[in-house]
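Any read-out appearing in this document is the output of simple, stated calculations on the displayed coordinates, not a laboratory observation. All figures in this text were calculated on a predicted structure; none of them were measured in a lab. Positions of Cβ are backbone-derived with ideal geometry, glycine not excepted, and every protein chain shown enters the neighbour counts.
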């Protein structure tokens with residue numbers, strides 16, 4: 001998956017873009033860590049109990065210029081993208097995803113398109 005100005009997760013109709021107020025320090029303040037290549041990455045579990053190693057995780061990677069990003073929901077090992085909107089049993093996971101994204105919007109990282 002390549003970096004883009006706008007992105008969404010598999011199955012979602014809600015698209016996001018980086019807010020003009022998003023800066024390197026804003027990303028770090030919100031849990032993003034810098035990778036070896038200089039990009040910023042956030043991996044957050046979406047399951048009910050964060051201590052468990054099962055379930056799905058939200059992965060967001062922002063490029064080092066803080067101009068584009070990519071995002072996905074993956075399996076616990078991070079290798080396969082998952083569609084949260086396909087299975088009706090994933091309602092709680094969808095709510096947690098939107099809660100996390102709304103928090104990032106409130107903190108000036110993302111905007112809804």
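Sorting 72, 37 by the number of Cβ atoms found within 10 Å of their own Cβ, with the fewest placed first, yields 37, 72.
Using just its DSSP H runs of length 4 or more, each adding -39500 (n - 2.57), the chain gives a mean residue ellipticity at 222 nm of -6000 deg cm²/dmol after division by all residues. The long axis of helix 91-106 is offset from the longest Cα principal axis of the chain by roughly 10 degrees. Taken along its three principal axes, the alpha carbon spread of the chain comes to 37, 29, 25 Å, from the longest extent down to the shortest. Taking the chain as a Gaussian network of alpha-carbon nodes connected by springs under 10 Å, the highest mean-square fluctuation of the residues 32, 56, 85 belongs to 85.
Order of 87, 106 from fewest to most other C-beta atoms within 10 Å? Don't skip to the answer; put the middle values down first.
Values: 87 12, 106 9.
The order, fewest Cβ neighbours first, is 106, 87.
Measuring nothing but how far apart in sequence close Cα pairs (under 8 Å, 6+ apart) lie, relative to its length, the chain scores a relative contact order of 33 percent.
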